[in-house]
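Only the coordinates and a few stated rules stand behind these numbers; no lab work does. Keep in mind that this is a model prediction, so the values were computed, not measured. Here the Cβ is made from the backbone with ideal geometry for all residues, glycine too, and neighbour counts use every protein chain on show.
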Amino acid sequence: MKVYIDVTVLTLATFVTGIQRVTREVAVRLIQDVRFEIVLIHYNAKKNCYYQIDNKKFCEYYCKHLGIKEMMITRREVPLKEIGKGTCFFELDASWMSRVKRSYLLPVLKNQGTRIIAHIYDIISINYPQFCLERGVYNFMDYIGAHIQYADAIIVNAQATKNDLKKLGERTNVVMPPCYVVPLGADFGTQRTISDAEVPDKLFKIASGFPYILMVGTIEPRKNHKLLLEAYDKGLREMGYNIIFAGYMGWKMEEFQNRLFHHRDYGKRIFHFSGLDDVSIIYLYQHARFLAFCSYMEGFGLPIIEAIAKGTPVIAADVEVLKEVAEGCCVWFEQDNVEMLCNLIRKYEDEELYCNLKAEMKKLRFVTWEESAEFYKNILSQFDNF
């Protein structure tokens, strides 16, 4: 089965987190399955055309950190007319960020007989536009509208997102394509323990100092990093905790950034790391007292299960999709309730309670990336020979 995947956003990304991590993990496993002929494509805006990516070099770069990223892109142009009957176009990356508008691309492919499978991570841009860039909202509206109209199937990662799509269809009087729920893999970095010698000295010194509360992910309004900073001032500092933010600084965060960088404890007990590699992120998971997850809304909340898989307790906002994903294995606080967040962390200073919490976490049966990829493969296989 020939499957085309546009990985332009991944190949242009500086950091492989969130959606880019999913794209990498799934694409690599599809490539390795002989049942599929995977054609990875990259859009060159200057030349206004797609180019094929060398699958071997893609896997070497993203799995073994070998080679130069730009050298993955071959000189073979992939004209749209090539993507036709008997092929599948699998939307796996954050393609609403691409310059190729899906309202243009998808009807062309559909008219050529291509089967279109769309991975929709969430519809936060539709339901909660206040947390998003205006340009991103407009782009996503184009993206979701095109897929609702032209996709043969939609994949989501949580039942909560499927429910949101159903409500969107009801509001807009549109019949949604068949929708499948596929959980994401959580075994990122669980294969081994990262030693102190594998990380920069600065990171080792910080991680081995005061116990710390960790937040992982892009620093953007929806993630609510300001809540943890406020909790630090209102109790965590006094309790002897540091806080670490691991993620690049995103949009609409000027006020938070100013407050963070001018805090009296910034660089002493409050730390921000941007652009950490996988090894460093895993190391931070290993040594954190808690992962804090303060988001207002998520499509899945991958750092939650990544942390639990590494044996790190999670304290999270009581958001529907997070409760679905974590299956009761987190400590929950009311959204924006700083006092409750601090009190819960204080409660688990009792080492017996903390050890019991870690034991309870082991009950979570998380999905591996191999298992997750099998779900994707099974869905794609349904459209073979159409």
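Considering helices alone, the calculated mean residue ellipticity of the chain at 222 nm is -11500 deg cm²/dmol, with DSSP H runs of length four and up weighted by -39500 (n - 2.57) and normalised per residue. Taking the square roots of 5 times each eigenvalue of the Cα gyration tensor of the range 159-270, largest first, gives ellipsoid semi-axes of 36, 22, 12 Å. Taking the three principal axes of the alpha carbon atoms in the chain, the coordinate ranges are 64, 48, 40 Å, sorted in descending order. All other residues whose Cβ lies under 10 angstrom from that of residue 332 are scored, Lys and Arg at +1 and Asp and Glu at -1, for a net of -1.
Length gained on full extension, residue 268 to residue 363: 30.6 nm, using 0.36 nm per residue less the C-alpha separation. Note that the range 329-346 has calculated 3J(HN,Hα) couplings of 8, 10, 8, 9, 10, 5, 3, 6, 9, 5, 4, 5, 4, 5, 5, 5, 5, 4 Hz, one per residue in order, obtained from phi through the Karplus relation 6.51 cos²θ - 1.76 cosθ + 1.60 (θ = phi - 60°); glycine and proline are x.
Let's test the formula: R0 of 35 Å, r as the Cβ-Cβ distance of residue 208 and residue 12. What FRET efficiency results, to the nearest 0.05?
Calculated transfer efficiency: 0.50.
Given a 10 angstrom Cα cut-off, can you work out which residue in 253, 176, 361 is the most mobile in a GNM of the chain? Of the options given, 253 has the highest mean-square fluctuation.
Residues whose amide H lies under 5 Å from that of residue 49, counting only those 5 or more places away or on a different chain, are 44; hydrogens are built 1.01 Å from N in the peptide plane.
Taking the Cα centre of the range 196-361 as origin and assigning +1 to Lys and Arg Cβ atoms and -1 to Asp and Glu Cβ atoms, the resulting dipole is close to 540 debye. The per residue volume of the convex hull around the alpha-carbon atoms of the range 131-225 is 173 Å³.
Here r is the Cβ-Cβ distance between residue 104 and residue 196 and R0 is 56 Å; the resulting FRET efficiency, rounded to 0.05, is 0.65.
Cα convex hull, the range 98-178: 94 Å³ per residue, rounded to a whole number. Taking the charge dipole of the chain about its Cα centre, with +1 at Lys and Arg Cβ atoms and -1 at Asp and Glu Cβ atoms, the residue from 355, 283, 273 reaching farthest to the positive side is 273. Evaluated over the Cα positions of the range 196-361, the convex hull gives a direction-averaged projected area, one quarter of its surface, of 8.9 nm². Converting phi to 3J(HN,Hα) with the Karplus coefficients 6.51, -1.76 and 1.60 and the offset θ = phi - 60°, the range 64-73 yields 10, 6, 10, x, 10, 4, 5, 6, 5, 7 Hz in sequence order, with x at every glycine or proline. Rg ratio for the range 276-338: its Cα radius of gyration over 2.2 N^0.38 Å, N being its residue count, equals 1.08. Along its first, second and third principal axes, ordered by size, the range 206-277 spans 31, 28, 19 Å in Cα coordinates. For the pair residue 279 and residue 172, label points projected 7 Å from Cα toward Cβ lie 4.5 nm apart. Taking each pair of distinct Cα atoms in the range 27-75 once, what is the resulting Kirkwood hydrodynamic radius in Å? Its Kirkwood hydrodynamic radius stands at 11.4 Å. Length gained on full extension, residue 74 to residue 37: 11.6 nm, using 0.36 nm per residue less the C-alpha separation.
Normalised by 2.2 N^0.38 Å, where N is the number of residues, the alpha-carbon radius of gyration of the range 301-368 equals 1.07.
When +1 charges are put on Lys and Arg Cβ atoms and -1 charges on Asp and Glu Cβ atoms, the dipole computed for the chain relative to its Cα centre reaches about 1040 debye. Coupling constants for the range 167-179 follow from the phi torsions by the Karplus curve (6.51 cos²θ - 1.76 cosθ + 1.60, θ = phi - 60°), and in residue order they are 5, 4, x, 5, 5, 9, 6, 10, 7, 6, x, x, 10 Hz; glycine and proline get x.
Extension gain for residue 337 to residue 374 (0.36 nm times residue separation, less C-alpha to C-alpha distance): 9.4 nm.
Magnitude of the charge dipole for the range 253-329, about its Cα centre and with charges confined to Cβ atoms of Lys, Arg (+1) and Asp, Glu (-1), is about 520 debye. For the peptides 323-332, 363-372, 219-228, residues were scored by their other Cβ atoms within 10 Å and the scores averaged per peptide; the highest-first order is 219-228, 323-332, 363-372.
If you wrap a convex hull around the Cα atoms of the range 1-117, how much volume per residue is inside, in Å³?
100 Å³
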